[in-house]
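Every read-out reported here was derived from the displayed coordinates using simple, explicitly stated rules and does not represent laboratory data. All figures in this text were calculated on a predicted structure; none of them were measured in a lab. Cβ: placed from backbone, ideal geometry, glycine included. Neighbour counts: every protein chain shown.
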Amino acid sequence: MTEFFIEHFINLSEGMKYLMTFLISMIPIVELRGAVPVGTALGLDTLWILVVSIIGNLIPVPFIILFARPIIRWLKKTRMFAPVAKWLEEKVEKNKDKITKYEKLGLFIFVAIPLPGTGAWTGALVASFLEMRIKDSFPAILFGVVSAGVIMTLGSQAVKFLISLF
């Protein structure tokens, strides 16, 4: 099964590889942290991987900041999505204290650390629930995403180099 995916991904055109990297960076949880290693594994240009991943990761952010709370409130009223809405609220509550203590700096640090559960989507959710204004939260998330992108790019290139030694 893995061979099937690898064979098909490697045979994609360069434009499709960049599009795939872009789309992966928009996926919650995976985000830029998954897109950069994928782009690197596909042999794409390092700078363009970073640029495409940052843009893709940032596109959903303003919409999340503006619409997350009303959508979560609506989801909580449905039988099918109430557990998901509750899970999202719990995730935000868990990370809320880390961010409220330092506000913009806390949001930046939270998004910049490339660990599972951190990132632009969760940062935007927390900003939405904290009722942070988009003009205050978006720059913090932007710089956090750029920082995480640089960290992931350096890490991916280091792994690529180490693999090339063998």
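Please identify every one of the GluC sites (Glu not before Pro) in segment 38-146 that sits in a loop by DSSP and has no more than 11 other beta carbons within 10 Å of its own beta carbon. Please report the intermediate quantities before stating the final value.
Values: sites: 89, 90, 93, 103, 131; in loops: 103, 131.
Here the GluC sites (Glu not before Pro) that fit, given the DSSP loop and packing criteria, are 131.
Considering the dipole of segment 25-166 built from charges on the beta carbon (Lys and Arg +1, Asp and Glu -1) around the Cα centre, which of 27, 112, 68 is farthest to its positive end?
68
Quickly estimate the mean residue ellipticity at 222 nm for the chain, helices only: each DSSP H run with n ≥ 4 gives -39500 (n - 2.57), and the total goes over all residues, rounded to 500.
Taking each H run of at least 4 residues, the total per residue is -25500 deg cm²/dmol.
Cross-link list 76/98; 76/104; 96/160: which exceed 32 angstrom alpha carbon to alpha carbon?
96/160
I need the trypsin sites (Lys or Arg not before Pro) found in segment 90-134, filtered to DSSP loop residues with at most 11 other beta carbons within 10 Å of theirs.
101, 133
Any chance you could give the angle, 0 to 90 degrees and rounded to 10, that helix 61-76 forms with the longest Cα principal axis of the chain?
60
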